[in-house]
Amino acid sequence: MKTSFKTYKQRCKSENKELWQLVLEDEAEGYETDEKTIFDGIYRSLEVMKSSSKKALDKEVISKTGMTGGNAKKMKNYFLSGDTILGQTANSAMAMAFSTSEVNASMGKIVASPTAGSAGIMPATLMTMREKYGYSDEQLAKALLTAVGIGEIIGDNATFAGAEGGCQAECGAAAAMSAAAVCYLKGYDLDIQGNAASIAFINIMGLICDPIGGMVEFPCNLRNAFGVINALSSADMAMAGVKVLVTFDETVEAMKRVGDSLTAELRETGDGGVAICKSAMLLRKKYIDN
């Protein structure tokens, strides 16, 4: 049976448990192991996230093609200057998202959360919450399990793949999962977590996947940086009580319909969007085709 937000809500109520607890139990049962083993795996993922979100902040990390790199360090230097529009929290979050994206493009170690192309969003979100509020690894692990629950709904009913649903399915899913995790950490209930996830998806509904040369570099790195801002702002809106007029299940269904309607050129082929701009074609010829 497919997972749904409605089903999770019913289970949370009937079993008097939080989403992370249900996910932990389900994961242990599905992998035929104990809950401690699942938690240990989550902690290992957190350590990788910590590393990838920091690695490129002080030293430029260049992609294997040589086409991209260094944005994380630029963003850190920028927010350290003190003269930013969004302030240090937002700019630091973007820097950390760039960092993981650059580690990924350089073939470094990352956690696909839920995909490699969107892997900068979750680490940047969790590390931002850690730095701002001092959350422990245990609290972050429970937030990550909450995000897994949201991700299960997306995976069961739609897709994570840019080749199927466009970047809305990658960076959109990562932002939705991250937004829910933030609301969990701040002590808000499942309804607010679901609203935050819905807002994050709605914000970028229809976003195409158009990487230059088919490489997970540009505009993927920009979308990771924007994705963490989407996650944090969506969480703030939901926690403020901003009304969401459709359910999370409906939002996921809408994302799937929109993804199915995208032409092949707009789904990770590198044959549409910014990928076929003149500048992009020149970069492809310089860094990839040769």
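The values are calculated or read from the model by the stated rules, or taken from the named source; none is laboratory data. All of these numbers come straight from a predicted model, not from anything done at the bench. Backbone-built Cβ (ideal geometry, glycine too); neighbour counts: all protein chains shown. Surface areas here come from the heavy atoms of the whole protein model, side chains and all, with no ligands, DNA or RNA. Shrake-Rupley method; radii C 1.70, N 1.55, O 1.52, S 1.80 Å.
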| said: Could you work out how much longer the chain between Ile288 and Asp189 gets when fully extended? Use 0.36 nm per residue separation minus the Cα distance between them, nm to one decimal. | reply: 30.9 nm
| query | What FRET efficiency would be calculated for the residue pair Leu80, Lys59, taking the C-beta separation as r and a Förster radius of 22 Å, to the nearest 0.05? | reply | 0.90
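Per residue and in Å³, how big is the convex hull formed by the alpha-carbon atoms of segment 69-122? Numbers along the way, then the final one.
Values: hull volume 3.6 nm³, N = 54.
Per-residue hull volume (Cα only) is 67 Å³.
Would you mind telling me the share, in percent, of accessible area of segment 67-199 contributed by carbon and sulfur at probe 1.4 angstrom?
Numbers: 2080 of 4170 Å².
Its accessible area is 50 percent carbon and sulfur atoms.
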| From the C-alpha gyration tensor of the chain, square roots of 5λ in Å | 30, 22, 18
| said: So if the hydrodynamic radius of segment 1-128 is defined as the Kirkwood radius over C-alpha pairs, what does Stokes-Einstein give as its diffusion coefficient at 37 °C and 0.692 mPa s, in µm² per second? | reply: 200
| said: Helix-only estimate, please: 222 nm mean residue ellipticity of the chain, summing -39500 (n - 2.57) across DSSP H runs of length 4 or more and dividing by its residues, to the nearest 500. | reply: -20500 deg cm²/dmol
| task | Mind pulling the angle between the C-alpha long axis of helix 121-133 and the longest principal axis of the chain? Nearest 10 degrees, somewhere in 0 to 90. | result | 70
| field | Cysteines having no other Cys beta carbon under 4.7 Å from their own, within the chain | value | Cys12, Cys171, Cys183, Cys220, Cys277
| request: Return the whole-Å distance between the Cα centroid of segment 1-79 and the Cα centroid of segment 102-123. | output: 11
| field | In nm, spacing of pseudo-spin labels at Lys278 and Glu131 (7 Å Cα→C-beta vector) | value | 3.9
| query | Carbon and sulfur: what percent of segment 9-50's accessible surface (1.4 Å probe)? | reply | 46
| request: Provide the per residue accessible area, probe 1.4 Å, for segment 135-216, rounded to a whole number of square angstrom. | output: 25
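Mind checking the full-extension length gain between Ala240 and Met107? Use 0.36 nm per residue of separation minus the Cα-Cα distance, one decimal, nm.
On the way: separation 133, 0.36 × 133 = 47.88 nm, distance 3.92 nm.
Roughly 44.0 nm would be gained on extension.
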| remark: For segment 236-284 (alpha-carbon point model, no solvent) the Debye-based log₁₀ I(q)/I(0) at q = 0.17, 0.20, 0.22, 0.27 Å⁻¹ works out to -0.69, -0.75, -0.79, -0.96
| message | Restricting things to Cα coordinates, could you compute the convex hull volume per residue of segment 24-93 in Å³? | response | 140
| query | Taking the Cα atoms only, what angle lies between the long axis of helix 71-80 and the longest principal axis of the chain, rounded to 10 degrees? | reply | 70
| request: Hey, could you grab the Kirkwood Rh for segment 164-257? Inverse mean 1/r over distinct alpha carbon pairs, Å, one decimal. | output: 13.1
| field | Overall Cα dimensions of segment 6-55, principal axis frame, Å, largest first | value | 43, 23, 14
| field | Kirkwood hydrodynamic radius (C-alpha pairs) into Stokes-Einstein, segment 85-219, 37 °C and 0.692 mPa s, D in µm²/s | value | 219
| remark: The ³J(HN,Hα) series, computed from each phi in segment 174-187 with the Karplus coefficients 6.51, -1.76 and 1.60 at θ = phi - 60°, rounded to the nearest Hz and given as x for glycine or proline, is 4, 5, 5, 4, 5, 4, 5, 4, 4, 5, 4, 4, 7, x
| said: Please compute one quarter of the surface area of the Cα convex hull for segment 202-274 and express it in square nanometres. | reply: 5.3
| Cβ-based net charge around Thr100, under 12 Å, with every Lys or Arg adding one and every Asp or Glu removing one | +3
